[in-house]
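**Q** My questions will all concern the structure given below.
Read-outs throughout are calculated quantities, based only on the coordinates presented, and are distinct from any laboratory measurement. Nothing here was measured: the structure is a model prediction, and the numbers come from that model. Positions of Cβ are backbone-derived with ideal geometry, glycine not excepted, and every protein chain shown enters the neighbour counts.
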Amino acid sequence: MKTKTLIKDFVIVLLSSSLNFFVFLLAYKEFSFPYLHEEQRVENAPYIFTYVLPGFILISILVVIAHKLVIKFANKNS
């Protein structure tokens, strides 16, 4: 694999997972904060960073891999 391609894929993964996490935090703030006490918010924070953020990173990696496979398959059939 070329270094330039690897760096590009890494940037795409970071950017897409960051944007997804930002959207999640905005939605969480809008929909959950009015109904939670401060203590509940603090209790939820570790779960968000333990499960949601790594989940978004994993999904971003899988999307990049799937994208590469689709492009490779399409180029092979052309």
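**Q** Choose one of Y47, S17, N75: the residue whose Cα lies farthest towards the positive end of the charge dipole of the chain (beta-carbon charges +1 Lys, Arg; -1 Asp, Glu; about the Cα centre).
**A** Result: N75.
**Q** Oh, and also: For the stretch 3-77, what is the number of Lys pairs with C-alpha distance below 19 angstrom, counting only pairs 8 or more positions apart or on separate chains?
**A** Values: K4/K68; K4/K72; K8/K68; K8/K72; K68/K76.
Close lysine pairs found across the stretch 3-77: 5.
**Q** What per residue convex hull volume, in Å³, do the alpha-carbon atoms of the chain yield? Working shown, then result.
**A** On the way: hull volume 7.7 nm³, N = 78.
Considering the Cα atoms of the chain, their hull volume per residue is 99 Å³.
**Q** Please list, in order along the stretch 11-18, the HN-Hα scalar couplings obtained from phi with the Karplus expression 6.51 cos²θ - 1.76 cosθ + 1.60 (θ = phi - 60°), rounded to whole Hz, x for Gly and Pro.
**A** Result, rounded to whole Hz: 5, 5, 4, 5, 5, 5, 5, 5.
**Q** Something else now. What is the chain's relative contact order, in percent, from Cα pairs under 8 angstrom and six or more apart in sequence?
**A** Numbers: 20 pairs, mean separation 41.0, N = 78.
Here the relative contact order equals 53 percent.
**Q** Can you tell me the length gained on complete extension of the stretch K29 to H67, counting 0.36 nm per residue apart and subtracting the Cα distance?
**A** Details: separation 38, 0.36 × 38 = 13.68 nm, distance 3.16 nm.
That pair, K29 and H67, stretches by 10.5 nm at full extension.
**Q** Follow-up question, since we're still on this one. Lys and Arg at +1, Asp and Glu at -1: add these up for the other residues within a Cβ distance under 12 Å of I48 and post the number. Before the final figure, lay out the partial values.
**A** Numbers: positive: K29, R41; negative: E43.
Cβ neighbours under 12 Å give a net charge of +1.
**Q** Can you pull out the trypsin sites (Lys or Arg not before Pro) in the chain that DSSP calls coil and that have at most 12 other Cβ atoms within 10 Å?
**A** On the way: sites: K2, K4, K8, K29, R41, K68, K72, K76; in loops: K2.
Passing both the DSSP loop test and the Cβ count: K2.
**Q** Report ³J(HN,Hα) in whole Hz for each residue of the stretch 55-68, in order, from the Karplus equation J = 6.51 cos²θ - 1.76 cosθ + 1.60 where θ = phi - 60°; Gly and Pro get x.
**A** Residue by residue, the stretch 55-68 yields x, 5, 5, 4, 4, 5, 5, 5, 5, 5, 5, 4, 4, 4 Hz.
**Q** What distance in nm separates the simple spin-label points at I12 and V42, each placed 7 Å from Cα in the Cβ direction?
**A** A separation of 4.2 nm, rounded to one decimal place.
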